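Undergrad: One structure follows; several queries about it will come next.
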Amino acid sequence: MEKPHGGISGAAQVGCMSARASVFEAVARGWIAVGDAGRALAHAGGIITADEWRRFGRAFLLGCGLLALALGLAFFVAWNWADLHRFAKLGLVASCLVLALGARLCARRGSVLATALVPVQLLLIGVLLALTGQIYQSGADRWELFALWAVIALPLVASERSFFGWLPWLGLVNMAAMLWADTRPLGLSFLWTDSLALYWLLAAINGVAGVLAARGVLVCERDSWASVLARMALVGAGACLTVVAVAAVFSNNQYIAASFAGWVGFLALLWYRYRRVEIDLPLMAGFALSICIVVFAIALRLAAEVSNDFSLGHALLLALFILALATVAGRWLLGLQREGES
């Protein structure tokens, strides 16, 4: 068995990496047998085990029930708007928020109840802000509400360190960005028109969030859930850049080079990190899907330029082309799966 060099123990070398990467490194160096890699990943939190999925299901169902109660409170206030004094409206929502915070403090950290209460607290913060703006007619734009909501909720989400907190918080940030872009020019005319420059902005937000989650800055309950959060954020960024690339295919302007450069650069980074450094099959599936979509858009553009009459024969050829793309992508992904298991 290979020994670590330089006077630094293997545990110290491996400990500076994420749980998933550390297990792969230990297997590569021979410190862990290949047959024991699955158990090591489960122990280190690098994969989601059956127990974690069951816990996720319980937290999800309990969170849905608590969210239904919180939404019922919001609808109750809205339905009785004219009959309730403003202090009664604010006091009712604020009391429920304090009750949720108190229940969270009393719950054991990492328990199902503590996890389920995180999105409920986020929702009640938003309801309280919306009530305040409606009652006192602050005149703030919608994006300011969502931005303030995200800022106020950030300490709560960061302290909870839960997937159920980071995911809706990231949704708040995306919503604030979309509403902000709807109110003013983005000043990104060197990339695209304002309607499509929004996709660049959302790609940047989700890309940064994906990197932070992958690096362990956005801490979740376990390393496996941080990996899921990173995947979802990177998939969102990739989807936005795919839209930009497809729009570039069907356009005839000066933004084509920048659009394809951004799309290709993102895919290159994704390839290096999740194919060369370590294999992440879900992200590589998104990688292949993005390429298939853009290649099909190019084929559709070429077919439209070659012939103005779209017949049944053209549709059949395009269907066969889609089938060929899906087959190539599927065989490549199967090869990646076998490589990852070997």
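Undergrad: Identify, among 153, 87, 99, the residue whose Cα sits farthest towards the positive end of the charge dipole of the stretch 51-160, taking +1 on the Cβ of Lys and Arg and -1 on the Cβ of Asp and Glu, with the dipole about the Cα centre.
TA: 99
Undergrad: Between residue 51 and residue 281, take the C-beta separation as r, use R0 = 30 Å, and let me know the FRET efficiency to the nearest 0.05.
TA: 0.85
Undergrad: Same structure again: Would you tally the net charge around residue 131, using a Cβ to Cβ cut-off of less than 10 Å, leaving residue 131 out, and scoring K and R as +1, D and E as -1?
TA: Around residue 131, the surrounding residues sum to +2.
Undergrad: Oh, and also: Please give the contour-minus-distance gain from residue 338 to residue 303: 0.36 nm per residue of separation, less the Cα-Cα distance, rounded to one decimal in nm.
TA: 9.0 nm
Undergrad: OK, next. Can you tell me the length gained on complete extension of the stretch residue 136 to residue 268, counting 0.36 nm per residue apart and subtracting the Cα distance? Write out the running numbers ahead of the final one.
TA: Working: separation 132, 0.36 × 132 = 47.52 nm, distance 5.00 nm.
Between residue 136 and residue 268, full extension yields an extra 42.5 nm.
Undergrad: Residue 80 to residue 215: FRET efficiency via 1/(1 + (r/R0)^6), r the Cβ-Cβ distance, R0 45 Å, to the nearest 0.05? Kindly include the intermediate steps, with their values, before the conclusion.
TA: Details: r = 47 Å, r/R0 = 1.05.
After rounding, the FRET efficiency stands at 0.40.
Undergrad: Taking the Cα-to-Cβ direction at residue 251 and at residue 317 and moving 7 Å from each Cα, how far apart do the two end points lie in nm?
TA: Between residue 251 and residue 317, the simple spin-label model gives 2.8 nm.
Undergrad: Let me ask you something else. Using alpha-carbon pairs under 8 Å, 6+ residues apart, how would you state the relative contact order of the stretch 51-160 in percent?
TA: 31
Undergrad: When you count, for each residue, the other Cβ atoms within 10 Å and take the mean per peptide, how do 103-113, 81-91 rank with the highest first?
TA: In decreasing order of mean packing, 103-113, 81-91 become 103-113, 81-91.
Here, each number is a calculation from the coordinates, and none is a lab measurement. The structure displayed is predicted, hence computed values, not measured ones. Neighbour counts run over all protein chains shown; Cβ positions are idealised from the backbone, glycine included.
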